[in-house]
Each structure stands twice: as C-alpha cells, then as structure tokens.
1. Identify the single condition in (1) more than 10 Å from every other protein chain (Cβ to nearest Cβ); (2) surrounded by fewer than 22 Cβ atoms within 10 Å (Cβ to Cβ); (3) not acidic (Asp, Glu) that A:Ile31 does not satisfy, given that it satisfies every other one.
2. Given the options C:Leu126, C:Leu172, name the one that is over 30 Å from A:Arg143 (Cβ atoms), more than 18 Å from the chain's Cα centre (by Cα) and modelled with pLDDT of 95 or more.
3. Only one residue in A:Leu75, A:Leu39 is more than 24 Å from C:Gly140 (Cβ to Cβ) and in a helix (DSSP H, G or I). Which one?
4. Examine the range B:38-56 for a residue that is surrounded by 16 or more Cβ atoms within 10 Å (Cβ to Cβ) and more than 25 Å from B:Ile145 (Cα to Cα), and state whether such a residue exists.
5. Being among the aromatic types (Phe, Trp, Tyr) and more than 7 Å from chain C (Cβ to nearest Cβ) is the filter here; which residues of the range A:34-68 pass it?
6. Against the condition surrounded by fewer than 20 Cβ atoms within 10 Å (Cβ to Cβ), of a type outside the set (Phe, Trp, Tyr) and either under 15 Å from B:Ile31 (Cβ atoms) or at pLDDT below 90 (or both), how does A:Leu178 come out, does it pass?
7. Is the range C:121-135 home to any residue that is more than 13 Å from every other protein chain (Cβ to nearest Cβ), small (Gly, Ala, Ser) and assigned to a helix (DSSP H, G or I)?
8. If I filter the range A:91-99 for residues that are more than 29 Å from C:Leu146 (Cβ to Cβ) and assigned to a loop (DSSP other than H, G, I, E, B), do I get at least one hit?
Amino acid sequence: MTILWIFFEVAGTIAFAISGALVGISRRMDIFGILVLALSTAIGGGIIRDVLVGNIPPNSFKSPLYIALTALTTLIIFIIYRQKLLNYRSKQKIRKYYLVADTLGLASFTVTGTTIGFSTYPQYPLLSITLGLVTAIGGGIIRDILAQRIPSVLQEEIYALPAILGACVYLLIANFNLFLAVPISFLAVFIIRIIGIYYRLNLPKVN
Amino acid sequence: MTILWIFFEVAGTIAFAISGALVGISRRMDIFGILVLALSTAIGGGIIRDVLVGNIPPNSFKSPLYIALTALTTLIIFIIYRQKLLNYRSKQKIRKYYLVADTLGLASFTVTGTTIGFSTYPQYPLLSITLGLVTAIGGGIIRDILAQRIPSVLQEEIYALPAILGACVYLLIANFNLFLAVPISFLAVFIIRIIGIYYRLNLPKVN
Amino acid sequence: MTILWIFFEVAGTIAFAISGALVGISRRMDIFGILVLALSTAIGGGIIRDVLVGNIPPNSFKSPLYIALTALTTLIIFIIYRQKLLNYRSKQKIRKYYLVADTLGLASFTVTGTTIGFSTYPQYPLLSITLGLVTAIGGGIIRDILAQRIPSVLQEEIYALPAILGACVYLLIANFNLFLAVPISFLAVFIIRIIGIYYRLNLPKVN
C-alpha cells in the first residue's frame, strides 16, 4: 500500500511539474522561470496547506524528493522542447499518459490534504475539504497567476469537483473506518475525473 | 451590541461575496470559479490576517457560518443572472443597498482586523493597522488577481483610506478606552467612505 | 560590520521601494496603490519568508524602520514624478546608482533569508536556499502580479541565479565558519549580478 501511494504521489508530482513547465515555455520564460512554474504547480498547493494548519516548515522542504523530482522533470522537458525531440504525433500519444498521471496527482493530493486536515483538526470538516482542494488545485492556480492567465480550473472542465466530492467521501467514511477512507476517496476522485474527461463535461455557466 | 455586530459582519460578507461572484460571472467562469471568487473576496482577507498573527487554523474554517453564507449568496446570484431575473432598472435600484452593505463590510472587517492585532500584539501598531487593512481589502485584491485585472483598490476611489484612518482612530482610542474604540472607528470608516462615494473623491495620481 | 549591514539593507529597501513605486506609476495607480506596490516589493519577500518558518508576526512589523523608509521613498518618488523634477538625462544618470542599490538589496536580502533558514532549520538546506531566494525576489514577484505583468525575474536577465548561488555558497561555508559565510556569500551575489548586468547575460530559453 505505502509503495503504491508513493508511486501515486510521484506520478502526480511529475505530471504537475510537466504542466507547470509547459506553461512556462509557452510564456517564453527562461529556464529559471520554467523551474519556478514547475515548482509552483507541483509543491505550491502543499505549501499553502501546511501554512494553513501550522505545519512549519512545510513538508516539501523536509525531504528533497519532491523538489529534486520537479527539477529533474523540468530539465528533461526543457531539453525535449529545446532540441525538438518530439513531433506532433508523439506528443499526442504521450498526452494520454499525462492525463492519467495528472489524475493520479489530483486524487493523491486531494487525499493527502484531506487526511492532514482530518488528523489535525477533525472538528472542522470545512477545513479538511479546503485543505484537500487547496493541495490538489492550489499549485495550478499559482502557476496560472504567474503566467498571467485566468486559472483554468475556474473556467472549464470538471477538475475541482472530483476533489471536493472526494474530500467529502473521505470525511463520511473516516468517521467509521480510517483505513477504508483513503482508497475509496482516492478512487472517487479518480473515477469522477476520468468520467468528466471522457464525456467532456463542464460545470454550468451563466450563459 | 453583539447582535448589531453580527449583522454588520453578515451584511459585509454578503456584499463581498456578491462582488466576487459578479466578477466571476463577468469573466465567464463556471459555477465553481464563481464560488471561488466569492469565497476569496469574502474570507480571503481574514485568512491572510490570521496567518500573519499565527491564528491557526484561520477563523473562517472554525465556524461554517461565513463559508455557508458565501455559498448561498453565490447560488442566489448565479440563479438570478442565469435566469435573467433582474432588469437594468432593478439592478440600479439594488446598487444603493449593495454600496451600503459593502461599506458596512469595509468598516466591520477593518475593526475586526485591527482588534485582533491590538489584542494580540499591542506593541506593534503598524501590524494592527496592516491587519485592519488586509482584512478589509485583501479579499478584493485576491479576487482581482484571480480575474486577471489590476486590483481596483490600487487605482480608483477612496476605498483603502477609510480603512487606514479607521484603524488609526481605533489605536488612538483603544489606549484609553477599549470599548469606545470599536464603535467610533467603525463610524469613522463608514462616514469617510460614504463621503468619498458621495463626492466621487479619488486619491491623487502622478498625472 | 553591523553598521555596514544596516546600510546594505537600507539601500536595498530604498531600491526595492523605488522599483515598486515606478511600476505603480506606470500602471496609473493612485498614491495608495503606488505605496502598496512599493511595500510589496520592499517587504513582501521577507513576510513570506517569516510565514514559512513560523516567525510570527513577521519582522517587518516589529520595527517601523522599513515600512517608514518605504513610505518616505514612495512619497519622494511621487513628488518627483508629479512635479516632473527630473529630465531624461538625470534619470539616466541616477539609473547607475539605482542598479547598485538594487544589487546591494538582492545580496543583503539573500543573505538575511538564508541566515534565518540556516539558524532555524540547519537540517533542511533546500529550505534555507528557498528562504534566501524568496526574501530576495518574492517582493518583486508580488509587485508584478499586482501590476498584471509576468514577473520579470521569470523571463529575463540574471537576477535569481546570483541569489541561488549565493545561498549555496553561504551553506557550504556556514558548516565550517558561520562568520565568513555572511560576507563571502554577500560578495558572491553582488559580483555575479554585476557581471550579469555588464555582459547583458540571460538564462537559456527554449527558442
């Protein structure tokens, strides 16, 4: 179980780092800017989460794993794009794996955030849901702010909804069985998101 | 007094939530994005304030009142705009009430922030003034950053000045009489802001 | 030594405040907006640093020196630009002094941030480097976000690199000799940045 979990978090971190790096490249940033966007996306949400519950210093600085993983991912993406190592067809093929990794990240980050909230302040369910959501989507929002675009999660696709519902599922189950809460809420986020992608679902807008 | 205070905070929260929701709608966000902008505006300033003084977790997560109120306000605004329930004339009529509620929010949030600063660290007056200001205008700044526009409070109208002056009034009086400080600084913010609106005052610019 | 250090920090604060105020003026902000941008640039990075290590309330609020210095700088810049007291030639002449003061700020803020990290959590070197970097460039990033432009540090010039390298130099030396670490890392940041300006160096981009 623990090894599976680390795999999920690593896959999520890599996917989030890729999404940040690609936005940085699209904004013609230099290698430092691309790294900052990758780091913001991959660890930014977790830092806000830790600040909100007083977990100081934030987890991302305690183990070099996630920062190193993000830096390595950034470097590889930078070389691939600078050397034009991928043609359009290869990018389309990779896209499917990217979406799966991103969804693993969405699910594992949601569960991590909700777990930290529930184990620290079980009496405040809205805090736990917020922490799950912030861990999952906070980094992407910082990425978009730094790149000067309206955060995509606020405008399109079913991206935040799976995280919110997954956090609710976690809290409902955790009161009865803490160990079942993790895998079931993880699956809830994953499945809802995949259904959203498959059917190209969007949340309602005013017009 | 306490009931009156809750009324002020509730009116302010609703007004701030409305302002966030309307900006979200104007940016063609989906219902989740609109909710995030309403929440940022209504509780964002208070969260920054609590993080700055180590009040962990922030107050907004301890009682469901303000988040629930903001969610409900967002839902009503969403339905009103989606169903086009208001014509131009009705919107103009409501505008006056909105401005009063917004000014009640500006005043009560300023006083709340300054009070928290003064009661926690009375030895740092600049901190108390900053907390009053951040509680009052921080949420609106986050709203504008998320909506990709220069924060309106930095460019036009007398909006921050009443908060700064009100916080100073609070500190001046609080050293003599803590109970008088609240209503007098509240009135100071309210009156200065209303005068600013009435005479369409602006702060000086370079040209 | 201590007096020299205060001189560096004061020079840096003034330079950072000027850069914030000028961006505010260029965005046609009012005097309050200009002040907020000056304050964000001068003390914003230090506030994030203090929040990340639980140094509550942040240092900037404990002594009125830096806020007062920033406010005074803002006022002088505002008057100079409103009264058009400087012609193009004078501005060009002053630019050289500005760059030196800005580089003093970059160097002293980097060293201050790294020192706080190393003295609080010596076991987390990535945290110390991040704190050095955030103290030095965090304020400029907030300034650019508030002014609705992509943070310049992510796109051009050698600005963050000297801070990162300086923080690494600090950590390498601090393990042997804490007192040598400060001046040598300070010089490292200063010299690398000056070389970068002189040779108009840029970090690599994708194309």
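The values are calculated or read from the model by the stated rules, or taken from the named source; none is laboratory data. If you're wondering where the values come from, they're calculated on a predicted model, not measured in any experiment. Cβ sites come from the backbone with ideal geometry, for glycine too, and all protein chains shown count toward neighbours.
1. With (1) more than 10 Å from every other protein chain (Cβ to nearest Cβ); (2) surrounded by fewer than 22 Cβ atoms within 10 Å (Cβ to Cβ); (3) not acidic (Asp, Glu) applied to A:Ile31, the lone miss is (1).
2. On the way: C:Leu126 fails: over 30 Å from A:Arg143 (Cβ atoms).
Sole residue among the options that is over 30 Å from A:Arg143 (Cβ atoms), more than 18 Å from the chain's Cα centre (by Cα) and modelled with pLDDT of 95 or more: C:Leu172.
3. On the way: A:Leu39 fails: more than 24 Å from C:Gly140 (Cβ to Cβ).
Answer to the check: A:Leu75.
4. The first filter runs over the range B:38-56 and keeps only residues surrounded by 16 or more Cβ atoms within 10 Å (Cβ to Cβ), leaving B:38-53, B:55-56.
Keeping just the survivors that are more than 25 Å from B:Ile145 (Cα to Cα) gives none.
Within the range B:38-56, not a single residue is surrounded by 16 or more Cβ atoms within 10 Å (Cβ to Cβ) and more than 25 Å from B:Ile145 (Cα to Cα).
5. Just the residues of the range A:34-68 that are among the aromatic types (Phe, Trp, Tyr), to begin with: A:61, A:66.
Result: A:Tyr66, single match.
6. On the way: surrounded by fewer than 20 Cβ atoms within 10 Å (Cβ to Cβ): yes; of a type outside the set (Phe, Trp, Tyr): yes; either under 15 Å from B:Ile31 (Cβ atoms) or at pLDDT below 90 (or both): yes.
Yes; evaluated as a whole, the condition is true for this residue.
7. Quick first cut of the range C:121-135, residues more than 13 Å from every other protein chain (Cβ to nearest Cβ) only: C:135.
If we keep only those that are small (Gly, Ala, Ser) too, we end up with none.
Among the residues of the range C:121-135, not one is more than 13 Å from every other protein chain (Cβ to nearest Cβ), small (Gly, Ala, Ser) and assigned to a helix (DSSP H, G or I), which makes the answer no.
8. Taking the range A:91-99 as the starting set, the residues that turn out to be more than 29 Å from C:Leu146 (Cβ to Cβ) are A:91-99.
Restricting the remaining residues to those that are assigned to a loop (DSSP other than H, G, I, E, B) gives none.
No, that holds for no residue.
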